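Report on the following structure.
The values are calculated or read from the model by the stated rules, or taken from the named source; none is laboratory data. On a predicted model such as this, the values are computed, not experimentally measured, just so you know. All Cβ positions, even for glycine, are placed from backbone atoms using ideal geometry, and neighbour counts span all protein chains on display.
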Amino acid sequence: MNEEDAFWTLAALCERLLPDYYNTKVVGALIDQGVFNDFCNEYLPDLYEKLKNLGVAACISLSWFLTIFIW
């Protein structure tokens, strides 16, 4: 995909499929962060407890969701 098509594809994804991800409240990313924490708690309880005890689970997962298109 050329540069212009890539830009418009990213714009369409952000505006149509992920409209709440990149606004000032980042509601979509916060919801996904909560789902991720619930899944970690259910399927990876040891990891979840370690991240919870360190107090970094929210910091790590939110940055993952907000940088979904960086790569």
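Quick check, is Leu54 hydrophobic (A, V, I, L, M, F, W, C) and within 23 Å of Leu10 (Cα to Cα)?
In short, no.
Do any helices (runs of 4 or more DSSP H) entirely within the chain hold 2 or more residues that are without any contact (Cβ under 8 Å) to a residue 24 or more places away in the chain, on the phi < 0 side of the Ramachandran plot and surrounded by fewer than 11 Cβ atoms within 10 Å (Cβ to Cβ), and if so, which?
Hits in the chain: 3-12, 27-43, 45-54.
Quick one: would you say Asn37 is within 30 Å of Ala11 (Cβ to Cβ) and at pLDDT 85 or above?
Considered against the rule, which asks whether it is within 30 Å of Ala11 (Cβ to Cβ) and at pLDDT 85 or above, Asn37 comes out as yes.
Scan the stretch 12-41 for residues that are aromatic (Phe, Trp, Tyr) and either within 11 Å of the chain's Cα centre (by Cα) or over 17 Å from Ala57 (Cα atoms) (or both) and jot them down.
Within the stretch 12-41, Tyr21, Tyr22, Phe36 qualify.
Applying the selection to the stretch 19-46, what residues are among the hydrophobic types (A, V, I, L, M, F, W, C) and touching a helix residue (DSSP H, G or I) at 6+ places or on another chain (Cβ under 6 Å)?
Passing the criteria: Ala29, Phe36, Cys40.
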